[in-house]
Amino acid sequence: MNNFVYDIPVKVYFGENQLSHLGEELNKFGTRVLMTYGGGSIKKIGLYDKVMDEMKKHGLEVFELSGIEPNPRIDSVRKGAQMCKDNNIDVLLAVGGGSTIDATKFMAAGACVDHDPWDFFNEKRAKIDKALPIVSILTLSATGSEMDAGGVVSNPETNDKIGRVDPHVLPKVSFLDPTLTYSVNQYQTACGSVDIMSHIIEVYFNMEPDLFMLDCFMEGMLKTVVKYAPIAMKEPDNYEARANLMWTSSWAINGFINGGRAKAWSCHPMEHQLSAVYDITHGLGLAILTPRWMEYCLDETNVSKYVQFAVNVFGVDANQEPMTIAKEGIKRLYDFFFKTLGLKSTLTELGIGKEHFADMAFKACGGKILKGFKNLTQEDVIKIYEMCL
Ligand code: NZQ
Ligand code: ZN
């Protein structure tokens, strides 16, 4: 097992009615707030008014940037960074799902530099030395952006969707109120749940040494999503279900489960190419890719990990040949995504064909090779995309 540093300095207010602490938390950073949000769901659920009231009560001056897109675009980031500069913003308040929080992270960093925020993502990988403080109010359980140091931004001009991780953009405070996710529809609940599972699967299936304790946590988190995602879809206002999904989303990606393992993710780099070119929902792309990737990578050398997954997560009968158990585990995952959660199971159903696969594979591999559970060449990645048709 490798050495590691555990440092997750995000203050979390979890549960209903915690927004009463919003004003006092924002006040710690100043008085001028840039509030960011997406296409309007926060107005429909009455959250916008609540947040505004709370901020007014505390004498905060609020500037607003709305319309942040799912798969957020660099233009929104540019706009937000400029607004911070023009209005001397002290703190950013992101209210929404992962897209809003991700974009806000790089507005906060962009506000502190003179260059284009896209330079954080392109080949320049501009250094991030500081960022304005960020507070988030999460409305969709999925990405874990509320408690991690990463974000993903799209540039439609170049067909790129690129992630960046930097501790300076960690939210200082995040509000996690499961009741705010009651309005998330069945489709987004399903996609968010797949995203949570994928964040865990990317670490669980890893060639670096395992730590038994962390594997148990991961299996527990996967079982939590398998249990509660279908309940949240049937009963959108089931607090227990929404709360379990929300806290799992944060812990799936806040660094805890890494335990010193180098990040070597496979499905995310492949999926980001799909949402870059076709603007599909991240979780849907992951659902289609993940079981195919598992199938493609399975061999005699790694079968024991699949057996562990099948038995401990899906309760597959352990008294069978390892290969049989492993394949049954993949089938159970497949059935969970496409039968239980009801997601579309192929790229063809989304109107996606082969035409960009070579380009997408090149980018997913960073022009070379995709290092992960099993190292994948560009030809391997193309084959996995083809399995998804
Ligand atoms: O824009 P609004 O009107 O708010 O509607 C959103 C959007 O249409 C809606 N929604 C959010 N909360 C709602 C709600 N609708 C009803 N009630 C609510 N309470 O849901 C739609 C999707 O929102 P979005 O923020 O795009 O979803 P998600 O949280 O899944 O974020 C996806 C983005 O995060 C990136 C993805 O690639 C994608 O760009 N990721 C970020 C990561 C990170 N920061 O670490 C890791 C992930 O792997 C992922 O790549
Ligand atoms: Zn993800």
Checklist line | residue 362 accessible area, assembled protein chains, probe 1.4 Å, Å² | finding: 110
Item checked: Gain on full stretching of the segment that runs from residue 359 to residue 123 - 0.36 nm per residue minus C-alpha separation -> 83.3 nm
Check: Percent antiparallel among DSSP beta bridges with both residues in the chain, to the nearest 5?
Finding: 25
Check: Computed over the Cα atoms of region 11-180, what is the ratio Rg over Rh, Rh following Kirkwood?
Finding: 0.94
Note to self: Once you compute Rg and the Kirkwood Rh from C-alpha atoms, what is the Rg to Rh ratio for region 185-387?
What the structure shows: 0.95
Check: About the Cα centre of region 185-387, what is the dipole size in debye to 20, counting +1 per Lys and Arg Cβ and -1 per Asp and Glu Cβ, all else neutral?
Finding: 160
Margin query: Assuming 0.36 nm per residue, please report the length gained on full extension of the stretch residue 344 to residue 56 beyond their Cα-Cα distance.
Written below: 99.3 nm
Check: Relative to the longest principal Cα axis of the chain, at what angle does helix 98-110 sit, 0 to 90 degrees, rounded to 10?
Finding: 60
Check: In Å², what does the accessible area per residue of region 11-180 work out to with a 1.4 Å probe?
Finding: 39
Next item on the list: Please work out how much accessible surface residue 272 shows to a 1.4 Å probe, ignoring ligands, DNA and RNA, in Å² rounded to 10.
Entry: 30
Checklist line | 0 to 90° range, to nearest 10: angle between helix 186-204 axis and the chain longest Cα axis | finding: 70
Notebook entry, point to check: Rounded, prolate or oblate: which fits region 44-123 when a ≥ b ≥ c are the square roots of the eigenvalues of the alpha-carbon gyration tensor, with rounded for a/c under 1.5 and prolate only if a/b beats b/c?
Noted result: oblate
Next item on the list: Kindly work out what percent of the DSSP beta bridges joining two residues of region 11-180 are antiparallel, to the nearest 5.
Entry: 20
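Is the C-alpha gyration tensor of region 267-389 telling us rounded, prolate or oblate? Criteria: a/c under 1.5 is rounded; beyond that, a/b larger than b/c is prolate, otherwise oblate.
Oblate, because a/c is 1.5 or more while a/b does not exceed b/c.
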Margin query: My understanding is that a pair violates if its Cα-Cα distance is over 24 Å; which of 79/124; 50/161; 11/161; 79/368; 327/354; 28/263 do that in this structure?
Written below: 50/161; 11/161; 79/368; 327/354; 28/263
Notebook entry, point to check: P(r) for region 332-380: what percent of alpha-carbon pairs falls in each 5 Å bin, starting at zero?
Noted result: 5, 19, 16, 13, 19, 21, 6, 0
Next item on the list: Towards the positive end of the charge dipole of region 208-359, with charges on Cβ (+1 Lys, Arg; -1 Asp, Glu), say which of 218, 288, 340 has the farthest Cα.
Entry: 340
Margin query: How much accessible area per residue does region 237-342 have, counting only protein heavy atoms and a probe of 1.4 Å, in square angstrom?
Written below: 36
Note to self: On C-alpha positions alone, give me the angle between the axis of helix 282-297 and the longest principal axis of the chain, in degrees, nearest 10.
What the structure shows: 30
Checklist line | Karplus 3J(HN,Hα) series, Hz, for region 361-370 with 6.51 cos²θ - 1.76 cosθ + 1.60 (x for Gly, Pro) | finding: 5, 4, 5, 4, 8, x, x, 10, 9, 9
Item checked: Kirkwood hydrodynamic radius of region 189-251, Cα pairs, Å -> 12.0
Notebook entry, point to check: Scanning the chain for GluC sites (Glu not before Pro) in DSSP loops with at most 16 other Cβ atoms within 10 Å, what's the longest stretch left with none?
Noted result: 158-299
Checklist line | Rounded FRET efficiency, nearest 0.05, which uses the C-beta distance separating residue 295 from residue 317 and R0 of 22 Å | finding: 0.65
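Mind checking Rg over Rh on the chain, alpha carbons, Kirkwood formula for Rh?
Reported Rg/Rh, Kirkwood definition of Rh: 0.96.
Calculate what fraction, in whole %, of the accessible area of the chain sits on carbon and sulfur atoms when a 1.4 Å probe is rolled over the protein chains. Let's see the in-between values first.
Values: 8200 of 15990 Å².
On the chain, the fraction of accessible area on carbon and sulfur atoms equals 51 percent.
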Check: aspartates and glutamates near residue 223 by alpha-carbon distance under 18 Å, same-chain residues fewer than 8 away left out - which ones?
Finding: 195, 202, 215, 240, 317, 328, 335
Notebook entry, point to check: If you take the square roots of the eigenvalues of the alpha-carbon gyration tensor of region 99-175 and sort them as a ≥ b ≥ c, do you get rounded (a/c under 1.5), prolate (a/b over b/c) or oblate?
Noted result: oblate
Notebook entry, point to check: How high is the FRET efficiency from residue 182 to residue 18, r the C-beta distance, R0 25 Å, rounded to 0.05?
Noted result: 0.95
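Suppose every K and R has +1 on its Cβ and every D and E has -1 on its Cβ; what is the size of the dipole of region 11-180 about the Cα centre, in Debye to the nearest 20?
That gives a dipole near 80 debye.
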Checklist line | Cross-link partners of residue 85 among lysines (Cα-Cα below 16 Å; sequence separation of 8 or more within a chain) | finding: 105, 130
Note to self: Just want to confirm a number: the relative contact order over the chain, from Cα pairs under 8 angstrom separated by 6+ residues, in percent.
What the structure shows: 15
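Assign unit charges at the C-beta atoms only (+1 for Lys and Arg, -1 for Asp and Glu), then state the dipole size of the chain relative to its Cα centre in Debye, rounded to the nearest 20.
In total the dipole reaches around 180 debye.
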Item checked: Set of aspartates and glutamates near residue 172 by C-alpha distance (under 17 Å), chain-local residues within fewer than 8 positions excluded -> 7, 24, 25, 90, 102, 129, 146, 148
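The values are calculated or read from the model by the stated rules, or taken from the named source; none is laboratory data. The shown structure was predicted, so the numbers you read here are calculated from the model rather than taken from an experiment. Neighbour counts are summed over all protein chains in view; Cβ atoms, including those assigned to glycine, are modelled from backbone coordinates with ideal geometry. Please note that ligands, DNA and RNA were not included when accessible areas were found on the heavy atoms of the full protein model with its side chains. Shrake-Rupley method; radii C 1.70, N 1.55, O 1.52, S 1.80 Å.
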